[in-house]
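Before any comments, here is the structure.
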Amino acid sequence: MTLLLAIWLLPLAGAIVNWAFGPQLKRAAGIIGSAAVGLPFIGTLLTWRAATSQAPGIHQHLFSWMPGFDFGLLLDPLSLIWTLIITGVGFLILFYSIGYMWPDPAIARFFAYMNFFVFAMLTLVLSDNFVGLLIGWGLVGLASYFLIGFWFYKPAAVAAARKAFVINVVGDVAMMFAIFMIFAKIGSLSFASVFGNVGALDGWLFWICVFLFIGAAAKSAQIPLHTWLPDAMEGPTPVSALIHAATMVTAGVYLIARCWPLWNASHEAQVLVGTIGGLTALAGALLGMAQWDIKRILAYSTMSQIGYMIMGVGVTAYQAGVAHFFTHAFFKACLFLGAGIVIQKLADEQDIRRMGGMRSRAPVAFWAMFAAVLAISGFPGFAGFFSKDAVVYGALEHGHPWLYAVGIITAGITAYYMFRLFFVTFFGTYRGETAAEHEHEHDPAHAPGWIMAAPVAILGVFSVIAGYAMIGANSAWSRLFAQTFPAENVPSVAISEGWTTAILFVVMAAGIAIAYLRYATPVALANAPARLQLESERMPAPLVKLFYFDDVIDWLFVKPSQALGKFFGSWLDPDVIDGAVRGVVAISVGLANVVRGWQTGLLRSYALIVVLGAAAFAIYYALQGAVR
Amino acid sequence: MHPDLLPVALANYVGLSSVIFVIGVAGVLLRRNPLIMLMSIELMWNAANLLFLAFARAWLNNAGHIFAFLVITVAAAEAAIGLAIVVVVFRTRTNVDVDEVAAMKG
């Protein structure tokens, strides 16, 4: 149906218009950019009934490329949820960007990139086959590269963009291998025919899952391919909110949820993915405790929360993993956009040690982020509570008790470091050294405050209510996915869901209490600068060094690559290859030097040689005659 | 062979031709004046012509006569070009010693 095509292509049109007419549009690019994402959101809402009423959803065939590969769009409950988040949260973030990017002269380029990203992400989730998915997969990586390096005059941003792109390409290549293997076994790449013939994959199934997961891990910042995500915070804050929190980094979750028939058939793949997800959740939370940059804390918390999602879909609790994606998109976007308000008020200060007392200066951000922090901590009644409970309990139900334990521990750490961020930023008094008061409300160089405040407030509201669809055994959420994911027949487990909720609540409350005692008691607030100083000095080395992941990757891959480059650059190329070329030249020159000695220019000597030659012939034939 | 046709023995023609040819060669090799060198080349042409005619008479084959005319024609052309080169070289350097004209030296 044409509506689906419009949903898919409108963001691309927005990107083209903003890119081509950017210099003329200036800030109007923001309106076009927001509309190009907001209209598809309305369109997606209109298709809701059609997409969820019959089993496969809306399937729109576009063209046949070659036998076994038809390109088409598929809107079923799974891609519907992703499309709603991409366009809905995407619209709010783009609208917010009008304010955030207001002073930037390259605002049209920003919106062109953002629209291009939305188009790429929609390609990824709407494709009905693996090739379209891979195309979208590559394009979102490209968009991410553009946007991380948006401020290309900052060397750190350029380095971060390059790092993100390289690591993502590692994942793209791994995914390509998986797709090759699927094609070799089945001869078709449409989801319907692949998932209908999982049995034909037999011995290759586990390796297909492994390669697909490497792709998912690179995109979704799973250990050990996560190191690009914290660096990606060099991009503008709305980029971090949309791409590196709400949508692109959850593509790995989408991939595994989409490929559930493969995962259902391979227990080894479930263990692998669940374990990596759990470890990522734990490592991200631990690293989040040790950061001081507000955006990097959020980046590690994103990594940790995606770890939960991957753990959920990895242990085949698909509904729970997707539910956590759904709620996370709201509260994490809210956190990033709120952080963006704070950062802009403090003239690009991102270190929470030099914040404090922001509650009175950014009240909207304070209240919205309060809701979001409670949501991410899993406070009962807030969005994250329902989905996180489902993921953690799902791990136990599907027979992974130690992942269950990791999930519970991580929940406590999450509550601690998120409230640490919240208390240190918003409570106490302002600790900044520069008294740079950037109150933009009456400054014509900046946008009206409501442009940024309204999306944050809306996301704050959704951070509360987004989980209400998931209440109860026969919830709206489980009915939505009843035909997408198989009916689960899980054995009853020792610990009931009610007890799980209780344990999670106690652990979370402990995390909040520790954060309160350390950062928000009257004594702590009074001595905040000294205490924060002491804490940064006493930070354990493994946390400061980010568990040495960057160092190990550097040592394993970057250093050998540089050594190889040096080997080629300083020996093989100049000495061997250039040497061969120079050798040929030297031989030619040497021969020429010998021969040119003979060219005396003396006409009579040439004549003498001619005569001698003629005489030699004459003597030769004379002798021949004599012999005969 | 009829004696009237070739009253002198063929070997004498060959001998005279060889002498004239060697004189021409010696002139080209030893003299440095290009005019003299051109004249020496003419000597060599004519030594060859003498042999053509002598053998044509000896063997009653007119191809030798025809070839002699061809040689005369080519020799005339060669002389014209050779003299032209000499004149051009003389104009540029007022000196026509062939040992001095060695711009193409390697």
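The values are calculated or read from the model by the stated rules, or taken from the named source; none is laboratory data. Since the structure is predicted, the reported quantities are computational estimates derived from the model, not experimental observations. Virtual Cβ from ideal backbone geometry, glycine too; neighbours counted across all protein chains shown.
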Sole residue being touching a residue at least 40 places away in the same chain (Cβ under 8 Å), surrounded by 14 or more Cβ atoms within 10 Å (Cβ to Cβ) and within 13 Å of chain A (Cβ to nearest Cβ), chosen from B:Met44, B:Met37: B:Met37
Subset of region A:451-502 (residues that are exposed (fewer than 15 other Cβ atoms within 10 Å of the Cβ) and among the hydroxyl-bearing types (Ser, Thr, Tyr)): A:Tyr468, A:Ser492, A:Ser496
Residues (of a type in the set (S, T, N, Q) and at pLDDT 85 or above) located in region A:345-397: A:Ser377, A:Ser387
Within region A:519-549, tally of residues that are in contact with a Lys or Arg (Cβ under 7 Å, 6 or more places away or on another chain) and not small (Gly, Ala, Ser): 3
Close pairs from region B:92-104: first more than 7 Å from every other protein chain (Cβ to nearest Cβ), partner part of a loop (DSSP other than H, G, I, E, B), Cβ under 6 Å, at least 6 apart: B:Asp97/B:Arg32
Exclusive hit being more than 13 Å from the chain's Cα centre (by Cα) and touching a residue at least 12 places away in the same chain (Cβ under 8 Å), set A:Leu147, A:Leu212: A:Leu212
Residues satisfying the stated conditions in region A:78-97, i.e. surrounded by 24 or more Cβ atoms within 10 Å (Cβ to Cβ) and within 15 Å of A:Pro236 (Cα to Cα): A:Gly90, A:Ile93, A:Leu94, A:Tyr96, A:Ser97
Counted residues, region A:310-329 - those being among the β-branched types (Val, Ile, Thr) and under 17 Å from the mean Cα position of the chain (by Cα): 2
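Test of understanding: among A:Gly235, A:Gly215, A:Gly187, A:Gly252, which residue is in contact with a Gly (Cβ under 8 Å, 6 or more places away or on another chain), within 21 Å of A:Tyr145 (Cβ to Cβ) and modelled with pLDDT under 90?
Unique residue meeting the criteria: A:Gly235.
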Near pairs, Cβ below 9 angstrom, 6+ apart or cross-chain, from region A:414-438 (within 17 Å of A:Ala339 (Cβ to Cβ)) to any residue that is modelled with pLDDT under 75 and surrounded by fewer than 19 Cβ atoms within 10 Å (Cβ to Cβ): A:His438/A:His446
Test for A:Val523: is it free of Cβ contacts under 8 Å to residues at least 12 places away in the same chain and closer than 30 Å to A:Phe426 by Cβ: yes
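In region A:1-12, what count of residues is obtained for those that are touching a residue at least 40 places away in the same chain (Cβ under 8 Å) and assigned to a helix (DSSP H, G or I)? Can you show your working first?
Here is the first cut: in region A:1-12, the ones touching a residue at least 40 places away in the same chain (Cβ under 8 Å) are A:1, A:3-5, A:7-9, A:11-12.
After this cut, where a residue has to be assigned to a helix (DSSP H, G or I) as well, the list is A:3-5, A:7-9, A:11-12.
Residues in region A:1-12 being touching a residue at least 40 places away in the same chain (Cβ under 8 Å) and assigned to a helix (DSSP H, G or I): 8 in total.
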Residue check for B:Glu78: more than 14 Å from chain A (Cβ to nearest Cβ), charged (D, E, K, R) and either closer than 24 Å to A:Val611 by Cβ or without any contact (Cβ under 8 Å) to a residue 60 or more places away in the chain (or both): yes
Test: residue in region A:464-474 that is at pLDDT 85 or above, touching a Gly at 6+ places or on another chain (Cβ under 8 Å) and in the same structural domain as A:Ile256 (by TED's automatic domain parsing): yes
